[in-house]
Amino acid sequence: MNREQNSSVLHCEGLRKRFGEIEAVRGVSFEIAPGESYGLLGPNGAGKTTTISIVAGLLEADAGEVTVAGNRLTTKSVAAKAAIGFVPQDLAIYPDLTARENLSFFVKLYGLRGKANRARVKEVLEIIGLSERADDQAKKYSGGMKRRLNIGIGLLHSPKLLILDEPTVGVDPQSRNAILESVEQLSGQGMAVLYTTHYMEEAERLCDRVGIIDRGELKAEGTREELVALLGEHDKVHLTGSGHLEAAAKACAEIDAVEAASVGQESIELLVEGASAILPEILTTASSAGVTVHSVEMEEPNLEAVFLHLTGRALRD
């Protein structure tokens, strides 16, 4: 699909940001079309939050340009920021107010009052699934319900671009699924969504396209199928065991067919070309390096395997 800048809700070009000796964002470029969900997938510290802080107009880039709904964005922009709904990692709600009161307060800041205010609050309560608990104080909510209210505040002014920074961190599986369902509904209604996560399964479920970011660089982007195609005939091998895991991973990485090796919690993750044929050599190598292997799993390539291929380390590292 050819995405021209003038048809994109968000267009980023060559974004850079340095904090002292650390270059947190290094030449990041991407764009999002109307109705498209775009995921920034990477571990903590990869540069996701810095990137979206620039995209939301909260942080000035050292270099590069951001355009939102056709308007160039800076920290002082008005028109471009008006098209953005930003949902930060930290909760931005008033715990002593009910969900209805929270939404009513924030929607007034956008100039909606009277019937228009009440109508929009009702709509958003339905979208985030809090209609039945609308008149309970937010402090009585579960963590997932608070997260959903946080998202609702970002939706009040019907933004063209919704930015969600790791919205499911620290919530239970049921609330997490409710949040994901809400996001799916929004992109289906034509809203452009920028979603950051370090959960591979969320990116695979929600995002039309994914940008893999690590150490401030956008390593690759595309649909799930396009990214997995980068692996060719590679398979992911997961070894659980005990002993000298670091030494075993380094030894396995020396095998010609092993593309990448990374140590997890009591495990070794390998990206291997033709894993079935080379598996005996991997097990012998791991054993010789001092590892007792408890189990072996081979998986079809997924986004986590792509990340391992592009960066040489597992997504959770």
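The values are calculated or read from the model by the stated rules, or taken from the named source; none is laboratory data. Everything numeric here is computed off the predicted structure, so don't read it as measured data. Don't worry about glycine lacking a Cβ; one is built from the backbone with ideal geometry, like all the others, and counts go over all protein chains shown.
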Quiz item: How many of the residues making up region 189-221 are among the hydrophobic types (A, V, I, L, M, F, W, C) and in a strand (DSSP E or B)?
Solution: 8
Quiz item: Only one of these conditions is not met by Thr67: (1) among the β-branched types (Val, Ile, Thr); (2) surrounded by fewer than 20 Cβ atoms within 10 Å (Cβ to Cβ); (3) outside any strand (DSSP E or B). Which number is it?
Solution: (3)
Quiz item: Does Leu315 meet the test of being surrounded by 22 or more Cβ atoms within 10 Å (Cβ to Cβ), in a loop (DSSP other than H, G, I, E, B) and hydrophobic (A, V, I, L, M, F, W, C)?
Solution: yes
Quiz item: Which condition number in (1) at pLDDT below 95; (2) of a type in the set (A, V, I, L, M, F, W, C); (3) crowded, with 19+ Cβ neighbours inside 10 Å; (4) not assigned by TED's automatic domain parsing to the domain that holds Val210 is the one that Ile127 fails?
Solution: (3)
Practice problem: Sort out which residues of region 127-160 are part of a helix (DSSP H, G or I) and in contact (Cβ under 8 Å) with a residue 60 or more places away in the chain, and write them in order of number. | Solution: Asn150, Ile151, Ile153, Gly154, Leu155
Exercise. Being in contact with a helix residue (DSSP H, G or I) (Cβ under 8 Å, 6 or more places away or on another chain) and charged (D, E, K, R) is the filter; apply it to region 176-206 and report the residue that is surrounded by the most Cβ atoms within 10 Å (Cβ to Cβ).
Key: Glu202
Quiz prompt | Boolean, Pro95 is surrounded by fewer than 16 Cβ atoms within 10 Å (Cβ to Cβ), modelled with pLDDT of 95 or more and under 23 Å from Gly152 (Cα atoms) | solution = yes
Quiz item: Looking only at region 161-179, which residues are in contact (Cβ under 8 Å) with a residue 24 or more places away in the chain and among the polar types (S, T, N, Q)?
Solution: Thr168, Gln174, Ser175
Self-check item: Leading residue by the ranking (farthest from Gly47 (Cα to Cα)) among those in region 222-262 that are part of a helix (DSSP H, G or I) and basic (Lys, Arg)
Solution: Lys250
Self-check item: Residue that is farther than 30 Å from Gly39 by Cα, among the hydroxyl-bearing types (Ser, Thr, Tyr), at pLDDT 90 or above and out of contact with any Ser or Thr (no Cβ under 9 Å at 6 or more places or on another chain), where the choices are Ser287, Ser276, Ser295
Solution: Ser287
Exercise. Scan region 5-23 residue by residue and report those that are buried (at least 21 other Cβ atoms within 10 Å of the Cβ) and hydrophobic (A, V, I, L, M, F, W, C).
Key: Val9, Leu10, Cys12, Leu15
Exercise. For region 259-273, enumerate the residues that are among the aliphatic types (A, V, I, L, M) and modelled with pLDDT under 95.
Key: Ala260, Ala261, Val263, Leu270, Leu271, Val272
Quiz prompt | Top-ranked residue in region 208-258 [being more than 23 Å from the chain's Cα centre (by Cα), modelled with pLDDT under 90 and within 14 Å of Leu279 (Cα to Cα); ranked as surrounded by the fewest Cβ atoms within 10 Å (Cβ to Cβ)] | solution = Asp235
Quiz prompt | Which listed residue is closer than 27 Å to Gly312 by Cβ and touching a Gly at 6+ places or on another chain (Cβ under 9 Å), from Lys48, Lys76 | solution = Lys48
Self-check item: Unique match (being among the hydroxyl-bearing types (Ser, Thr, Tyr), within 30 Å of Gly222 (Cβ to Cβ) and free of Cβ contacts under 8 Å to residues at least 60 places away in the same chain) among Ser242, Ser267, Ser287, Ser295
Solution: Ser267
